[in-house]
Amino acid sequence: GTGSTASALAVSGNVAPGGSIGDLTVGDTTFGDGSVLEIEIDNLGNSDTLIDVGDLDLSSTLDTLAITGTADNVTSYVISTYTGSLTGHFNSVTGLPTGYSVQYNAGDITLAVIPEPSTIVMGLMGVLGLGWFGWRRRRK
């Protein structure tokens, strides 16, 4: 499900957007000591999202990002957005799927797929091949 409130949110327990996968839109949000953001993901590329219309403060100690569900190993899941500033990061992450990392970007927090080394090597080989082809063509 989805829900919203224009009020600021001071989290001192658990907050879980949606009854299943859904969105929760709030004002400025501050996670206190021992607080937990519960995020559900699925193998269809969907996830809960905390939509913060304002600042997001994760500067407390002992706040946790708890992830449940199964990732599709392809999708990068945007789990939180904010329009203001971000302070701090989650001190603990549980349930992070293998092959994913938590990225704190300007305006969002994302569970991002970590590219396999073979993907990086193949991309580099493609770039080098194009460069070699261009160099060879100019020599003729």
**Prompt:** Which condition number does Thr30 fail, the rest of (1) touching a strand residue (DSSP E or B) at 6+ places or on another chain (Cβ under 7 Å); (2) within 29 Å of Pro115 (Cα to Cα) being met?
**Reply:** (2)
**Message:** Any residue that is surrounded by fewer than 15 Cβ atoms within 10 Å (Cβ to Cβ), part of a loop (DSSP other than H, G, I, E, B) and in contact with a helix residue (DSSP H, G or I) (Cβ under 9 Å, 6 or more places away or on another chain) - is there at least one of those in region 106-116?
**Reply:** yes
**Message:** Test of understanding: among Ile51, Ile21, which residue is open to solvent by 30 Å² or more (accessible area, probe 1.4 Å), more than 24 Å from Pro115 (Cα to Cα), within 13 Å of the chain's Cα centre (by Cα) and not charged (D, E, K, R)?
**Reply:** Ile51
**Request:** Kindly indicate whether Val74 is touching a residue at least 12 places away in the same chain (Cβ under 8 Å) and within 16 Å of Gly95 (Cα to Cα).
**Result:** no
**Prompt:** Got a sec? Which of Thr30, Thr61, Thr68 is farther than 16 Å from Val102 by Cα and either open to solvent by less than 10 Å² (accessible area, probe 1.4 Å) or not in a loop (DSSP other than H, G, I, E, B) (or both)?
**Reply:** Thr30
**Request:** Report, by residue number, each residue of region 81-105 that is part of a loop (DSSP other than H, G, I, E, B), out of contact with any Asp or Glu (no Cβ under 7 Å at 6 or more places or on another chain) and over 16 Å from Leu50 (Cα atoms).
**Result:** Gly95, Leu96, Pro97, Thr98, Gly99
**Request:** Search region 33-43 for residues being within 16 Å of the chain's Cα centre (by Cα) and part of a loop (DSSP other than H, G, I, E, B), and hand back the single one that is surrounded by the fewest Cβ atoms within 10 Å (Cβ to Cβ).
**Result:** Asn43
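The values are calculated or read from the model by the stated rules, or taken from the named source; none is laboratory data. Not measured: the values here are computed from a predicted model. Note that we place each Cβ from the backbone using ideal geometry, even for glycine, and neighbour counts take in every protein chain shown. Heavy atoms of the whole protein, side chains included, go into the accessibility calculation; ligands, DNA and RNA do not. Shrake-Rupley method; radii C 1.70, N 1.55, O 1.52, S 1.80 Å.
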